[in-house]
1. I'd like to compare 297-305, 50-58, 100-108: which one has the highest average count of other Cβ atoms within 10 Å, and what's the full order after that?
2. Using the reciprocal of the averaged 1/r over all distinct C-alpha pairs, how large is the Kirkwood radius of the stretch 245-390 in Å?
3. Please sort 260-266, 69-75 by packing, taking for each peptide the average over its residues of neighbouring beta carbons within 10 angstrom, highest first.
4. If we count every other residue with Cβ under 13 angstrom of Pro23's Cβ, Lys/Arg +1 and Asp/Glu -1, where does the sum land?
5. Ignoring ligands, DNA and RNA, how do Asp94, Asp283 rank by accessible area with a 1.4 Å probe, largest first?
6. Around Ile77, with a cut-off of 12 angstrom between Cβ atoms, what is the net charge of the other residues, counting Lys and Arg +1 and Asp and Glu -1?
7. Taking springs between alpha-carbon atoms closer than 10 angstrom, which of Thr141, Thr29, Thr243 fluctuates most in the Gaussian network model of the chain?
8. GNM, the chain, Cα, under 10 Å: largest mean-square fluctuation among Asn341, Asn254, Asn116?
Amino acid sequence: MNNTTKLIHSVPVDPLTGSISVPIYQTSTFVQDAPGENKGYDYARSNNPTRAAFESIVAELEGGAGASAFASGLAAIDAVVKLLETGDEILAVDDIYGGAFRLFTHIYAKFGITVNYVDTTDAGNVLDAINPKTKLVWLETPTNPTLKISDIEAIGKIAKQNGALLCVDNTFASPALQQPIKLGADIVVHSATKYLGGHSDLIAGIVVCKTQELADKIKFIQNASGAILSPQDSWLAIRGVETLYLRVQEHSKNALTIARFLESHPAIDKVYYPGLKAHLNHDIATQQQSAFGGIISFTLKNDTEAAAKTVVCSTSLFKLAESLGGVKSLLCHPATMTHKNIPAEKRRSSGVADSLIRLSVGLEHPDDLIADIDQALLKSAVTNRKLAEIA
Ligand SMILES: *Cc1c(COP(=O)(O)O)cnc(C)c1O
């Protein structure tokens, strides 16, 4: 059966009423027939039918044995780190999501869990850095905001040979484009706030595990720590994820068209998009992804904060905001927004140049999006010429 059909029909019909939409079970507890005798649900932190439906839909999408949904992507990441013990080490991609960096280094370091950040675009670096203390290898591919690609299969083998788990944050690709468990990952996490939800209307996260044993451990942590996804948000996440394939394919098509336009634009220096032949590890992206997603980053020839700010303040369809993965196009200036707390030199050396702009390409028509970016680039060029004349 085609994946799209499978996804749409993995959303269960309510067995009690025939409701074709999953009911929102807005309840805290479930009445029991006798002590300990219930219909599979006892208390809504432990389990809730609306949340369980979302969890099983995403588990199937990722090809995992089970999933647990959380109140945010970061709560999902937090649950995975709680599998570790004092003295364990995480080996993580150096271009990691800022929130994961903050959690690892500012929360878990004080519990004696260490993190080693390496450039995972070369699997050899993972082989060099892994050691007996490494219990978790943490990948994002593509990364934020420079879309670095790492070889999941090769790194999965290295993790396995060294007795470590491989967890992939699959937020950027989504299971519609990339299924890390099939490539050797043990765990997949998502900020469901992004493509899974897909409409910029909720904060949610999910952990999917390859084996039932791991899924049970995460379920235990979900109940023990309690950062669960609410029934209302679980329903909204189901409503969003039903159209995942359609949306992500369109996001990818639009983004490839725009990336090619940017690549040939005279005001642009570098374009970061895994679908471009010039992108580092484009061949690996082609092997492990079915398309290249909706996120593009680029730098300007005039590599200044002022030029970038003119661009991001001059678009009308691309809205200036953090986050990504919704139907409306967004753009942001990482140097002064998502990455503003990183010292300038460290930020620049990791590829986040002063003029770097990140696009989350939405579902508008690509011609309109290109016209919007083009006039903003022109305005920036004119403004900077004027500034130069005055100076
Ligand atoms: C947004 C994001 C997160 C964090 O998710 P929240 O839902 O905001 O908590 C984690 N990883 C990646 C790659 C993200 O883009």
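1. Numbers: 297-305: 19.4, 50-58: 24.1, 100-108: 16.6.
Ranking, from highest mean packing down: 50-58, 297-305, 100-108.
2. Values: mean 1/r = 0.0645 Å⁻¹.
After inverting the mean inverse Cα-Cα distance, the result is 15.5 Å.
3. Per-residue mean Cβ counts within 10 Å order the peptides as 69-75, 260-266.
4. For residues surrounding Pro23, the net value is +1.
5. So the residues, ranked largest to smallest area, are Asp283, Asp94.
6. Around Ile77, the surrounding residues sum to -1.
7. Its mean-square fluctuation being the largest, the pick is Thr29.
8. Judging by the Gaussian network model, the answer is Asn341.
The values are calculated or read from the model by the stated rules, or taken from the named source; none is laboratory data. Here the structure is a predicted model, which is why all the values come from computation and not from measurement. Ideal geometry is used to build each Cβ from the backbone, glycine not excepted, and the neighbour counts take in all protein chains shown. For accessibility, only protein heavy atoms count, side chains too; no ligands or nucleic acids. Shrake-Rupley method; radii C 1.70, N 1.55, O 1.52, S 1.80 Å.
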